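Okay, structure first, notes after.
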Amino acid sequence: MAQQVFINLAVKDLERSKTFFAALGYSFNPQFTDENAACMVISDTIYVMLLVEPFFKNFTDKALIDARTHVETLTCLSCESRAEVDTQVAKAVAAGGTVPRESKDYGFMYSHGFEDLDGHIWELMYMDPAHVQ
């Protein structure tokens, strides 16, 4: 069985976050979605659990940070092309996200990203398969 990844993110408004990520083309697994959490499907092995802040606090004794002012993590997803990177960033902006910095072109790799409605940073990158060994 392939190992799965579950990224857990605290969100202020679950319905608003679901609408934002649906605009980027992601779906949600209804089996693990309710008023406290939504299971966003990235791929067959990668999921993001969007958890309303009070529910998220059940999983840690640490204080939650405001991702608009503090960095908790940088989540990076690969894309099939440079165009997909740019398209996803444009979709995020159209859905209410922001772009914290300009795209970077390293020749063999192209990256850009966005901040979601809660300030979580999502990096998107395309790496030329000819340069990956």
(request) Say whether the condition of being in the same structural domain as Y126 (by TED's automatic domain parsing), surrounded by fewer than 14 Cβ atoms within 10 Å (Cβ to Cβ) and in contact with a His (Cβ under 9 Å, 6 or more places away or on another chain) is met by at least one residue in the stretch 93-103. (result) yes
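Take residues that are surrounded by 14 or more Cβ atoms within 10 Å (Cβ to Cβ) and without any contact (Cβ under 8 Å) to a residue 60 or more places away in the chain and tell me which of the strands (runs of 3 or more DSSP E) falling wholly in the stretch 1-53 contain 3 or more. Before the answer, list the steps.
Working: elements: 5-11, 27-29, 37-41, 46-52.
Answer list for the stretch 1-53: 37-41, 46-52.
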(request) Can you run down the residue pairs with Cβ atoms below 6 Å, 6 or more apart or on separate chains, where the first is in the stretch 91-113 and under 26 Å from V132 (Cα atoms) and the partner is assigned to a loop (DSSP other than H, G, I, E, B) and modelled with pLDDT of 95 or more? (result) H112/S103
(request) Select from the stretch 106-133 the residues that are over 26 Å from R68 (Cβ atoms) and out of contact with any Ser or Thr (no Cβ under 8 Å at 6 or more places or on another chain) and list them in ascending order. (result) Y106, G107, F108, M109, D128, P129, A130, H131, V132, Q133
(request) Residue by residue through the stretch 60-72, note down the ones that are in contact (Cβ under 8 Å) with a residue 12 or more places away in the chain and surrounded by 10 or more Cβ atoms within 10 Å (Cβ to Cβ). (result) L64, D66, A67, R68, V71, E72
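The values are calculated or read from the model by the stated rules, or taken from the named source; none is laboratory data. Nothing here was measured: the structure is a model prediction, and the numbers come from that model. When we count neighbours, we look across all protein chains shown, and the Cβ atoms used for this are built from the backbone with ideal geometry, even at glycine.
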